[in-house]
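What follows is a set of notes on a single structure, which appears directly below.
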Amino acid sequence: MAEQGPATDRQPVRTWLIGGFLGAGKTTFILEHLRHAPGKVAVLVNEFGKLGLDGDLIRLEGGLEVVELPGGCICCSQKEGLRERVRDIARRLAPDLLLIEPSGVAETSELMQALEDPAREGVIRIELAITLLDAETFLEYAEPDAFGLFFLDQVSCADLILINKSDLVSPDLLRRIEERVDAIHPGVPVFRTEHGRLPAVLPEPGSSRGAGAPVSSRGFRVEAASCVPAPITREGLAQFLGEVRIGAFGKVLRGKGVLAVSELGPMNLQIVGPKVNLTPVTGELAPRLTLLGFGLNHDRIHRFFEERGGV
Amino acid sequence: MPASDIPQDTQTSLERVLSYLQGVNPQRVACFPLILNHAARVLGVPVGKYNRNGETMGKAHVAAFRRYGNDLVSIFSTTSTLAEAMGTTMEFFDEDAPQIAGQPIQEYDDIKKINVPDFRRDGRLPVYLDATELAVSEVGSEVVVGTILAGPFTTAAALRPLDFFVKDLYKNPEWVHQLLEICCQAGIAFIDQILARRALPIIVEPIGSGSLVSPRHFKTFVAPYLKRMAAHIHENGGGLPAALHICGKTKPNLEAMLGADFDLWSLDAVDLGEARQIAGERVTLIGNVSPANLLKNSPEEIDAEAREVCAKAMGNPRGFILGSGCEVPINTPPANIDALINAARKYGRFDG
């Protein structure tokens, strides 16, 4: 494989964290996502052979790269190994998307902290953290004294929760799982999945709360769109949020980032379902925006900010 | 502070540490930066060679002690070394610590393959023991030489894929206890080997951190076996204390840790002021400048962080030793380790 230039010459690699305990369906979700993902995708997994593929570095038709995450140990000394592996992937493989599947006992917050350096260096951009839950075991394992901190941390740090194997449990149990998730991480978008796959008819997050659903013959897949937003006026911000609300950019479940609002200064924007939270940013943070959802209109999102000077 | 203003030590490292055992204040607090694989850097040898040759490992730690004046020589390779001697396979690197490549227990029945190792030949145990002998012989009259071994829970978790093992706690607790019994027996045998070489056994149990294990599981699966190891050291160590290191987030399990009856706790991502409230009457606290900061920050920042740690822990009723929260990263700038030890000289004084 030919060496490529330094990562600093490129856009940061869009990066997703795919978390969840053993048996929740992380690998199934990744394989399902890869069926539809455009461009070149690199997958950083916790152990060899995890995707049912041989070898530590495999090129498949369609541009998939699989690299092992070393060790599987949560100990602090291993974090540098993870950072180095991520930098190496960005430099050598320059994928369009990097999926990181950590160990089933990894704390999402620790993983994000470990990746802060490559994110700050512009090597990667962490777009979202998805956590899959095993519908059959979640409530049992979510008891406060069942496991260590990792289990609930995976829920509380996720941008999106997928309750997998939803076909194997009763509707009543699913409702109780959703209530428990909402108690741990209020407002986080939650969807029910089977075999890591979202249904063809997509209900609103929370699933039991009614349909509403755009329809797809292939089933939906999670998408994220990122951009560097230009400074925006309060009026422009209101316009942007209005367009999010009416679905002009697609079905937005979650939005997060830093916007430079001309009358207010840098503001931290958090969109969780219908709720919008805007708080001032302290310190220096570069503007950025990530929207997570389904059927996102990437062109329209980029155009909205390009027209205002963003990229 | 200019180097000339840093108070000079008139006690040796050994005198300083013995003060703790005698229940009197040393001239200043001892300092235990956990210099492990970083010792290879000091000797100027590849980390891979350090990890596979006992003489090299021992010489590296002697060189590190001569260079830094740390108050504990700590012989160590990985937390999986005992498991390696029991069947776990490792991958070696020239410039990094070895990492687990494969575990021998994939199915429950594989436990039949697991035995207490032969310390003369299995895995790299001879490397550890040769390094211990060399370090004790070279600097044992000046500094405490410790040899680090994993606790039963961490060893068990290195014999089986970690997420499977964590699930086993819930799904097959009796089987987990069987495995822990073998690992405990192996650990006690390792302690005997270390004591026979006049070194201090130091138990590390990182997989028992609050990140992975709830207090309930700590009491059930971790503390009882650690307690047996501590008792073994108390009964056979000729007055040596039992020392325990758990890195990561230990706060949820501090109360449960008391049940293991260790005399020294080396802690990482926890407020030592809080640990002091819970355990200060019974335990000497060691810690806890962030290893990541040792790698990245400036000596001035390390000095400031160490000063804060000292402010929280200096009055601990059972004593305090300044240290790193976990392993000093391999590529830590030497000036940062100097800054940490100098901070003990500046902020940890008992002589006025």
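Structure data summary
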item	result
Volume per residue that the Cα convex hull of region A:223-306 spans, once the total is divided by residue count, Å³	76 Å³
Net charge, B:LEU226 excluded, C-beta distance under 10 Å - Lys, Arg +1, Asp, Glu -1	0
Net charge contributed by nearby residues that have their C-beta within less than 12 Å of A:THR290 (K/R +1, D/E -1)	+2
Ordering of B:310-320, A:287-297 by burial proxy (mean other Cβ atoms within 10 Å per residue, highest first)	A:287-297, B:310-320
Label-point gap, in nm, between A:LEU173 and B:ARG216 - each point 7 angstrom along Cα→Cβ	1.9 nm
Top of B:GLY280, B:GLY58, B:GLY146 by mean-square fluctuation, Gaussian network on chain B, Cα under 10 Å	B:GLY280
Cross-link table B:LYS49/B:LYS113; A:LYS40/B:LYS167; B:LYS113/B:LYS251; B:LYS49/B:LYS296, entries beyond 31 Å C-alpha to C-alpha	A:LYS40/B:LYS167; B:LYS113/B:LYS251
Percent RCO, i.e. relative contact order, over chain B, from Cα pairs under 8 Å lying at least 6 residues apart	19 percent
Choice from B:LYS171, B:LYS249, B:LYS296 showing the highest fluctuation, given a GNM over chain B with Cα pairs closer than 10 Å	B:LYS171
Cα-based Kirkwood hydrodynamic radius, chain B, one decimal, Å	20.1 Å
Radius of gyration, Dmax [region B:212-315; alpha carbons; angstrom]	14.9, 44
For the protein assembly as shown, projected area of the alpha-carbon convex hull averaged over all directions, nm²	30.4 nm²
Within 10 Å of each Cβ in A:287-294, the average number of Cβ atoms from other chains	0
Within the protein assembly as shown, percent of DSSP bridges classed antiparallel, to nearest 5	40 percent
Longest exposed-site-free window of chain B, the sites being GluC sites (Glu not before Pro) in a DSSP loop that have at most 12 other C-beta atoms within 10 Å	B:108-280
Under 11 Å, Cβ to Cβ, from A:ARG87 - net charge with Lys/Arg +1 and Asp/Glu -1	-1
Gyration tensor (Cα) of region B:1-96, equivalent ellipsoid semi-axes in angstrom	31, 17, 10
Antiparallel content of DSSP bridges confined to chain B, in %, to 5	15 percent
Within 10 Å of each Cβ in A:134-142, the average number of Cβ atoms from other chains	1
Diffusion constant of region B:108-254 at 10 °C, which comes from Stokes-Einstein with the Kirkwood Cα-pair radius and 1.306 mPa s, µm²/s	99 µm²/s
Shielding by partners, peptide B:125-136 (average Cβ within 10 angstrom, other chains)	0
Angle between chain B longest axis and helix B:13-22 axis [Cα atoms, degrees, rounded to 10]	70 degrees
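Every number in this text was worked out from the coordinates using simple rules, so none of it is lab data. No experiment lies behind these values; they were computed from the predicted model shown. Neighbour counts run over all protein chains shown; Cβ positions are idealised from the backbone, glycine included.
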